[in-house]
1. Pull out all pairs, ordered by first then second residue, where Cβ-Cβ is under 8 Å, the residues are six or more apart or on different chains, the first lies in segment 54-66 and is touching a residue at least 24 places away in the same chain (Cβ under 8 Å), and the second is surrounded by fewer than 19 Cβ atoms within 10 Å (Cβ to Cβ) and not in a helix (DSSP H, G or I).
2. Taking interchain pairs and intrachain pairs at least six residues apart, which have beta carbon atoms under 8 angstrom, with the first residue in segment 76-104 and without any contact (Cβ under 8 Å) to a residue 60 or more places away in the chain and the second β-branched (Val, Ile, Thr) and in a helix (DSSP H, G or I)?
3. Does Tyr83 fit the bill of being at pLDDT below 95 and part of a helix (DSSP H, G or I)?
4. What are the residues in segment 124-152 that are of a type outside the set (Phe, Trp, Tyr) and either touching a Ser or Thr at 6+ places or on another chain (Cβ under 9 Å) or assigned to a loop (DSSP other than H, G, I, E, B) (or both), if any?
5. Here are some residues: Ser78, Ser84. Which one is within 18 Å of the chain's Cα centre (by Cα) and not aromatic (Phe, Trp, Tyr)?
6. If we scan segment 60-77, do we find a residue that is touching a helix residue (DSSP H, G or I) at 6+ places or on another chain (Cβ under 6 Å), aromatic (Phe, Trp, Tyr) and within 30 Å of Pro38 (Cα to Cα)?
7. Output the number of residues of segment 36-63 satisfying the condition of being assigned to a helix (DSSP H, G or I) and either at pLDDT 80 or above or touching a strand residue (DSSP E or B) at 6+ places or on another chain (Cβ under 9 Å) (or both).
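The values are calculated or read from the model by the stated rules, or taken from the named source; none is laboratory data. A quick note: this is a predicted structure, and the numbers were derived from the prediction, not measured. Cβ placement follows ideal geometry from the backbone for every residue including glycine, while neighbour counts extend to all protein chains displayed.
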Amino acid sequence: MQESFEDELFSIKSKFLRDIPHPKLIAKALEQVKGLKPELLKETLAPISLNDFELNQALKNYSEKILEIKLKISQAISLELLYSALSELYEWQMRLILKLTTYIPELENYHDGEIKVSEAIDAYIISRFIELNGLGENEIKTYICTTISNKLPVDFDVLTLACLRSRKISAHAGSI
């Protein structure tokens, strides 16, 4: 029985040590942990709030925090600790998605059918892109709008793709 529990715990944990998946997959893992530990059924996720950081700083904060959370996940020896770490992961992933979504005008209709929500959002690569292109906080939204207007989706850069992917996740049931 103990070996089965440890296998189940490892199975859940291993999904989150590389790329951070879609929030629905994190939510599914949270439900899976609740199913293994009925005492957790009363637990709910806290509402997600945005911070006031500029995007590049928010990406750096996210990257640092994700490393901490991955360590917590890998070292979780109980379902309670795993649930807590996964809840924190969900919160930070949704915060990143909501932050990236703010750079896409709400009223615009985008052809985002080619944008896959299953692909990971790499905060480090996005941050490097912003730095290498010298984009200031007040230039990011204009840059993305210009890119969307002037290029085909196959030619979108990592920043534009991440913002559109985030918008799509947010609009199509990103929360539980």
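1. Ala58/Asn51
2. Tyr83/Val33; Ala85/Ile69; Ala85/Ile73; Glu88/Ile69; Trp92/Ile66; Trp92/Ile69
3. Taking the combined requirement at face value, the residue satisfies it.
4. Filtering segment 124-152 for residues of a type outside the set (Phe, Trp, Tyr) gives 125-128, 130-142, 144-152.
Selection gives Ser127, Asn133, Gly134, Leu135, Gly136, Lys141, Ile144, Thr147, Ile148, Lys151, Leu152.
5. Working: Ser78 fails: within 18 Å of the chain's Cα centre (by Cα).
Within the list Ser78, Ser84, the selection yields Ser84.
6. no
7. Step one: list which residues in segment 36-63 are assigned to a helix (DSSP H, G or I), which gives 36, 38-42, 55-63.
Filter once more, keeping what is either at pLDDT 80 or above or touching a strand residue (DSSP E or B) at 6+ places or on another chain (Cβ under 9 Å) (or both): 36, 55-63.
Of the residues in segment 36-63, 10 are assigned to a helix (DSSP H, G or I) and either at pLDDT 80 or above or touching a strand residue (DSSP E or B) at 6+ places or on another chain (Cβ under 9 Å) (or both).
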